[in-house]
Structure formats: C-alpha cells, structure tokens
Amino acid sequence: DVSPNTQKTALNAIVFMYRAVLCIEPGDFSDFHKAKGPVKLPTVLTDDEVRRLFNNMQGPTRLCAGLMYGSGLRVMETVRLRVQDIDFDRLCVYVRDGKGRKSRITTFSAHLVSALKAQVTLVTGLFQRDCSEARWDGVYLPHALARKYPRAPFELGWQYLFPVDQWRLGNLCITP
C-alpha cells in the first residue's frame with residue numbers, strides 16, 4: 001500500500017544492504033509484486049476550445065501550433081524543421097532525429113499549405129539576405145553532416161523553417 005517510487009526506493013535499499021553490508025546475494029525477485037501508480041487520464045480539449053485557441057494565434061506561432069496539433073509533432077521537432085522537410089506534393093513532414101533519436105514521416109493538413117508556402121517564401125528571403133553578408137557562417141548542421149556535405153549550410157533546403165531573429169539567454173538578448 002505504498003507508491004511505486006517508495007516501493008522502488010525501499011527495495012533498492014534492501015538490495016544494497018544485502019550486497020554491500022551483509023555480503024549476501026539477495027536472491028530472485030521474479031515473483032515480486034510491483035505497485036502500480038494511478039492511471040492519469042489525459043486532458044483533451046473540446047473542438048470549441050481548440051477553435052478558440054487557434055483564433056487567438058497568428059503568424060508563425062499559429063502555423064507551428066497547427067503542425068503540432070494536426071501532425072503530432074513535438075515542440076522541439078517543430079522548431080528543428082528544415083525547409084527540405086516539407087513535402088508539398090505528398091503533404092508530408094519529415095521529422096528527423098525526433099524523440100528517442102528516431103526519424104519518421106507524418107502528414108500535415110491541406111489547410112496549412114498556403115501558410116507553409118508563405119513561411120518558405122519568408123525563409124527564402126532571409127536566406128538570400130544572409131548569403132549576402134560576408135560574416136554569415138551558414139546554418140548549423142548536426143553530427144557529421146557539415147563534414148559530409150560542406151556546402152549544405154549554404155543551401156536553402158537546410159535552412160530552418162522557423163528561424164528566430166534573436167536568442168534569449170535569461171535577460172540577455174543576442175541578435176545573430
């Protein structure tokens with residue numbers, strides 16, 4: 001009649017005592033009955049709540065939320081999307097290095113096509129501006145991709161779909 005974490009802590013303490021203090025192997029625990037935690041039901045918004053939420057959003061925030069809601073993307077998967085990860089012909093999003101370092105393909109709603117194309121147009125303009133600056137080092141590439149594809153940081157397809165104007169580190173604001 002205890003929580004699973006309390007039970008795990010007590011069991012680990014007993015095993016430690018047997019092994020480290022008494023120098024005895026504790027034996028087999030295969031028939032041990034583990035406590036189960038309470039089942040928590042997820043909070044699900046109603047259709048009206050979702051509609052009101054989206055009506056109060058605009059711009060890239062609404063587009064990100066639309067991708068997350070309609071495609072099942074997580075926040076970090078959304079902000080790490082690259083221009084090449086959107087397939088308008090198949091209405092697919094390529095999620096690379098998602099949760100558990102797994103990649104997957106998911107679909108997106110046809111309602112998002114015009115907003116996504118507008119976002120790609122915006123990124124294209126930012127990319128062209130960045131290319132004209134001598135101090136621009138290109139976009140970050142994970143792992144060994146920068147060595148494998150040395151020109152990739154300077155190609156439109158590798159640019160982030162949702163770039164930021166400035167980074168915030170606490171109260172410090174850094175403009176790239």
**Study point:** Dipole-positive endmost among Val39, Ala10, Val21 within the chain (Cβ charges, Cα centre)
**Key:** Val21
Check your understanding: Based on the Cα atoms of the chain, what semi-axes does the equivalent ellipsoid have, where each is the square root of 5 times one gyration tensor eigenvalue, given in whole Å with the largest first?
Key -> 45, 25, 17
Practice item. Please list, or write none, the lysines whose alpha carbon is within less than 21 Å of the alpha carbon of Lys102, excluding same-chain residues fewer than 8 places away. Key: Lys148
Exercise for review: Can you tell me the 0 to 90 degree angle between the C-alpha axis of helix 59-71 and the longest principal axis of the chain, rounded to 10?
Suggested key: 50 degrees
Check your understanding: Can you pull the Kirkwood radius for the range 1-77, inverse mean 1/r over Cα pairs, to one decimal in Å?
Key -> 17.4 Å
Exercise for review: Could you go through the range 75-85 in sequence order and give the Karplus-derived ³J(HN,Hα) for each residue, using 6.51 cos²θ - 1.76 cosθ + 1.60 with θ = phi - 60°, rounded to whole Hz, and x for Gly and Pro?
Suggested key: 4, 5, 5, 5, 6, 8, 4, 10, 4, 6, 7
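Rounding to the nearest 20 debye, state how big the charge dipole of the range 13-162 is about its Cα centre with +1 on each Lys and Arg Cβ and -1 on each Asp and Glu Cβ.
Working: 22 positive and 15 negative charges, 28 e Å.
With Lys and Arg at +1 and Asp and Glu at -1, about 140 debye.
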Practice item. Place the peptides 28-35, 81-88, 117-124, 143-150 in order of packing, highest mean first, counting for every residue the other Cβ atoms within 10 Å and averaging per peptide. Key: 81-88, 117-124, 143-150, 28-35
Point to revise | Using a Förster distance of 35 Å, the FRET efficiency for Lys36-Arg104 (Cβ separation, nearest 0.05) | key: 0.70
Exercise for review: Hey, can you find the accessible area per residue of the range 45-150 for me, probe 1.4 Å, expressed in square angstrom?
Suggested key: 68 Å²
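Highest first, please rank the peptides 60-67, 20-27 by the mean number of other Cβ atoms sitting within 10 Å of their residues.
On the way: 60-67: 17.8, 20-27: 8.9.
So the peptides 60-67, 20-27, ranked by packing, come out 60-67, 20-27.
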Review point. Under the Karplus relation 6.51 cos²θ - 1.76 cosθ + 1.60, θ = phi - 60°, what is the ordered set of whole-Hz ³J(HN,Hα) values for the range 13-25, x standing for Gly and Pro?
Key: 5, 5, 4, 4, 4, 4, 6, 8, 9, 8, 6, 10, 6
Revision key, fill the gap. If R0 = 22 Å, then Lys117 and Arg62, at their Cβ-Cβ distance, give a FRET efficiency to the nearest 0.05 of 0.90
Exercise for review: Counting helices only, and only those DSSP H runs with n ≥ 4, report the 222 nm mean residue ellipticity of the chain as the sum of -39,500 (n - 2.57) divided by its residues, in deg cm²/dmol to the nearest 500.
Suggested key: -10500 deg cm²/dmol
Check your understanding: Want the number for Leu141 to Asn55: 0.36 nm per residue separation, take away the alpha-carbon distance, what's left?
Key -> 27.5 nm
Point to revise | the range 13-110 - percent of accessible surface contributed by carbon and sulfur, probe 1.4 Å | key: 57 percent
Study note, to complete from the structure: Interchain or sequence-distant (5+) residues whose placed amide H lies within less than 5 Å of the amide H of Cys92 are Asp87, Phe108
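The values are calculated or read from the model by the stated rules, or taken from the named source; none is laboratory data. Everything numeric in this text was worked out from a predicted model, so none of it was measured. As a convention, Cβ positions derive from the backbone with ideal geometry for all residues, glycine included, and neighbour counts pool all protein chains shown. Accessible surface areas use protein heavy atoms only, side chains included; no ligands, DNA or RNA. Shrake-Rupley method; radii C 1.70, N 1.55, O 1.52, S 1.80 Å.
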